[in-house]
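A short write-up of the structure that comes next.
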Amino acid sequence: MRRYILAGNWKMHLDAQASADLVKALIPSVKDSTDVDVVVGPVFTSIPAVVEAAQGTNIAVAAQNCYWEDSGAFTGEIAVPMLKAAGCAYCIVGHSERRQFFGETDEKINKKAQALYKHGLTPIVCCGELLEEREAGKTTQVVETQLRGCLKDLPADKVRTTVLAYEPVWAIGTGKVATPAQAQEVHATIRALLVELYGQDVADAVRIQYGGSVKADNVKELMGQTDIDGALVGGAALKPDSFAAIVNFQK
């Protein structure tokens, strides 16, 4: 039985004080949710404040991006050792907004995942198709191509601890949600690809999140699908009551 992981991607919202306040407001509502992993992903400048606010609780902290070199003349980038020193346990890589607006490729995402493994952080590797790709019947092809590139040459023992996030781009921030059956179909495809690449044992261990307008009123049905092991939540994670309701979907 895979352990659910509910993660909030705060994107470019909330300064340090507002981020800390959100965590403090969230703690009382999720402190008894010890049967799931709870993760929040603030902007870089808010990470120290969030780590401090979450200290001693069941809330872990994720960064929203990283660079694959440990140091160097890479203006504007953040190295994985810096994120680790700041208290991050996870890092989101390959989000569709990074791909769309900043030209990130599967090759770059693969390098980031390798750097995260090297320093003991857990990657949350994102994949997902555009609306026109879904309408053209290319969802499986797109998702498999992305994941083959992102996971290239990664060892099985590392992949088994990785979190994957399927986010249909057409459902991110739009209010549209893949039906549970649509989401499950793609998650099952991802699981089958993992079997092909790494064997059944690893495939059974990998947690695959669904992301794309997840809310309190649809999370339970989504999480009820065989191959959906959590959610990567956007807008609904910016309010403590709505994110707590998602975390506590089993109650």
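Laboratory data are not the source of any read-out in this text; all were calculated from the coordinates shown. Computed from a prediction, not measured in an experiment: that's the story for all the values here. Cβ coordinates were reconstructed from backbone atoms using ideal geometry, including for glycine residues, and neighbour counts include every protein chain displayed.
Among residues other than residue 191 whose Cβ falls under 13 Å from its Cβ, what is the net charge (Lys/Arg +1, Asp/Glu -1)?
For residues surrounding residue 191, the net value is -4.
Mind checking which lysines have their C-alpha under 20 Å from residue 152, skipping anything on the same chain fewer than 8 residues away?
List returned: 108, 111, 112, 118.
Taking θ = phi - 60°, what integer Hz values does the Karplus form 6.51 cos²θ - 1.76 cosθ + 1.60 yield along segment 185-190, in sequence order, with x for Gly and Pro?
Ordered by residue, 3J(HN,Hα) equals 4, 6, 4, 5, 4, 5 Hz.
Can you list, bin by bin at 5 Å, the percent of alpha carbon pairs in segment 60-113, starting at 0?
All Cα pairs, binned at 5 Å, distribute as 4, 21, 29, 26, 16, 4 percent.
Which of 157, 204 has the fewest other C-beta atoms within 10 Å, and how do the rest follow up to the most?
Details: 157 10, 204 13.
Placing the least packed residue first, the sequence is 157, 204.
Per 10 Å bin from zero, what fraction in whole % of the C-alpha pairs of segment 70-179 is there, up to the bin with the longest pair?
14, 43, 31, 11, 1
On a straight-distance basis, which aspartates and glutamates could pair with residue 239 in a cross-link, Cα separation under 13 angstrom, same-chain partners fewer than 8 positions away excluded?
Those aspartates and glutamates meeting the cut-off are 21.
Enumerate the calculated ³J(HN,Hα) couplings along segment 87-104 in order (Karplus 6.51 cos²θ - 1.76 cosθ + 1.60, θ = phi - 60°), each rounded to whole Hz, writing x wherever the residue is Gly or Pro.
x, 6, 10, 10, 8, 7, 9, x, 4, 4, 5, 5, 5, 6, 9, 10, x, 6
Just check segment 92-153 against the gyration tensor rule for me: Cα atoms, a ≥ b ≥ c as the square roots of the eigenvalues, rounded for a/c under 1.5, and otherwise prolate or oblate depending on whether a/b exceeds b/c.
Numbers: a/c = 2.64, a/b = 1.91, b/c = 1.38.
Taking the square roots of the gyration eigenvalues as a ≥ b ≥ c, segment 92-153 is prolate.
Can you tell me the alpha carbon radius of gyration of segment 5-247 divided by the globular rule-of-thumb value 2.2 N^0.38 Å?
Taking the Cα Rg and dividing by 2.2 N^0.38 Å, one obtains 0.95.
Check which residues have an amide H placed less than 5 Å from residue 92's amide H, if you skip close sequence neighbours.
Residues meeting the criterion, in which the H sits 1.01 Å from N, are 63, 64, 65, 124.
Classify segment 1-122 as rounded, prolate or oblate, taking a ≥ b ≥ c as the square roots of the eigenvalues of its Cα gyration tensor: rounded when a/c is under 1.5, otherwise prolate if a/b is larger than b/c and oblate if not. Please report the intermediate quantities before stating the final value.
Details: a/c = 1.80, a/b = 1.53, b/c = 1.18.
Prolate, since a/c reaches 1.5 and a/b exceeds b/c.
Quick one: net charge of residue 107's neighbours, Cβ under 15 Å, K/R +1, D/E -1?
Values: positive: 98, 99, 108, 111, 112, 148, 152; negative: 69, 104, 106, 153.
Surrounding charge for residue 107 is +3.
May I ask you to list the GluC sites (Glu not before Pro) in segment 3-81 that are in a DSSP loop and have at most 14 other Cβ atoms within 10 Å of their Cβ?
Here the sparse-neighbourhood loop sites are 69, 77.
How do 96, 33 line up, fewest other C-beta atoms within 10 Å first? Please list the in-between numbers first.
Details: 96 22, 33 19.
The fewest-first ordering by Cβ neighbours comes to 33, 96.
Could you list 46, 213 in order of exposure, starting from the residue whose Cβ has the fewest other Cβ atoms within 10 Å?
213, 46
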